[in-house]
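Input: a single structure, listed below in structure tokens.
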Amino acid sequence: MSIVRHASSPNWYYSFQLHGKKHFGSTGTSNKTVSKKVEEGERRKAIEASLNDKAEPITVKAAIQLFLDSKRDNNEYSNIKARANKLVGLKNHPGTRNRAACFGFDGSTNLHELKTKDLQRLVLERRKEQNANGTILYELLTLNAIIKLCRKLGYEVPALNLAEIKRDNAIKPDRKRIRFLSIEEEARLLEELHPDRTARGLATVENQTEEMRRMKNDAYDFALLLLDLGCRHSELSKLQWKDVRLDRNEVQLYRPKVGNQTMLQLTNRAGEVLQRRFDAKPSNQVYIFESKSGGSRKYSPRAFRSACDRAGIEGVSFHNLRKTCASRLVQNNVPIHYVSKILGHATVDITASYYADLAPSDASRLAVDVLNRLHATNNAA
């Protein structure tokens, strides 16, 4: 949305570009709120006019498939696929993986035939299905991405105002309390994951095969490195030895989700883990955590969850280890823009939106100082 005001006129003017063509004109009003509505209307008219240029129609189902094909190399592909297919009512139950009923658009409908009322119904149905605001938001953003891709490919697309749908339905990301491990919880978790730990139902250390020992070592090292590097588990699983510089005590992480790289210093224990693994690795090993076939190892969270259960820790996944690292840094006065660099976020605003509230409060410290002085004065009197 773009509106401007000129010194020679009390009215607002709309100004935007569409397909390389600039659209400019007076809104005919000095009321900013009304002028924004006028600008939205002019933008819709321009979009509809461009769609009348004999664009080829495409069905919702075919549009989704095109979109999925364009995302196959994305690390978040499974989540993207789940959200896209849910738009046409294809949803798997998270526990059993069996098909679960949910509302969806008719896949044979042409994409450009979707109307605002269809989106509104989607939102209402998702709320009936008790979907969280964040889940609904991601689904709408996925639909928007599908529409944008089809527009770029020359297909006929609908003129939908997703911003209005989100605003009118108060759809905002859910702000939940950040779940991170306490120092005591971390100690219990690492104790349960330790290779020398014998859990009930598992082979004793003496009776473990070489493969069992390797898997237990990997599970322990993987969790510890996540805690100290603060990276995404997908980034750690694909970390290669060529990106580790033990002589300089650092690793270089590539962040495919946001397309940037971060050079991270190693903590003492993270350095010890990597040095131990380096000393024991075959000369031709490429990845820190490698599969039998020589590729990057994909981790099942089963062993991690079992360790959490044995340690009495609830509501924790691999991603919470990353959150644990970030939370501890913020709580111990590491500036938020430094934490953003370590996490590899695209912008510092993303980091602040999650973790800024955990930073020690200057206002609270000042209040405590004032109250303590008042208490001391009253007691002296």
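Over the Cα atoms of the chain, the radius of gyration divided by the Kirkwood radius equals 1.06; this is the Rg/Rh ratio.
Considering Cα pairs under 8 angstrom that are at least six residues apart, work out the relative contact order of the chain and quote it in whole percent.
Numbers: 440 pairs, mean separation 43.6, N = 381.
In percent, rounded to a whole number, it is 11.
Divided by 2.2 N^0.38 Å, where N counts the residues, the Cα radius of gyration of segment 3-51 comes to 1.14. Relative to the longest principal axis of the C-alpha atoms of the chain, give the angle of the C-alpha long axis of helix 60-70, reported between 0 and 90° and rounded to the nearest 10°. Rounded to the nearest ten degrees, it is 50.
Evaluate the charge dipole of segment 60-168 about its Cα centre and quote only its size in Debye, nearest 20, assuming +1 on the Cβ of each Lys and Arg and -1 on the Cβ of each Asp and Glu.
It works out to roughly 200 debye.
Using just the alpha carbons, could you tell me how many Å³ per residue the convex hull of segment 60-168 encloses? Expressed per residue, the convex hull around the Cα atoms of segment 60-168 is 107 Å³.
Mean residue ellipticity, 222 nm, helices only, the chain: the sum of -39500 (n - 2.57) across DSSP H runs of n ≥ 4, divided by residue count and rounded to 500, is -15500 deg cm²/dmol.
Straight-line cross-link partners of Lys21 among the aspartates and glutamates, defined as a Cα under 15 Å from its Cα and at least 8 positions apart when in the same chain: Glu42, Glu48, Asp53.
Take the Cα of Lys298, step 7 Å toward its Cβ, do the same at Arg99, and the gap between the two points is 2.3 nm. Please figure out what share of the DSSP beta bridges in the chain is antiparallel and state it in percent, rounded to the nearest 5. Restricted to the chain, the bridges split so that about 95 percent are antiparallel. Stokes-Einstein, applied to the Kirkwood radius of segment 251-370 over Cα pairs at a viscosity of 0.692 mPa s and 37 °C, places its translational diffusion at 188 µm² s⁻¹. Placing +1 on the Cβ of every Lys and Arg and -1 on the Cβ of every Asp and Glu, with nothing else charged, gives the chain a dipole about its Cα centre of roughly 860 debye. The alpha carbon centroids of segment 119-145 and segment 22-41 are separated by 29 Å.
None of the figures in this text is laboratory data; all of them are computed from the coordinates on show. Note that the structure is a prediction, hence the values are computed from the model and not measured. Don't worry about glycine lacking a Cβ; one is built from the backbone with ideal geometry, like all the others, and counts go over all protein chains shown.
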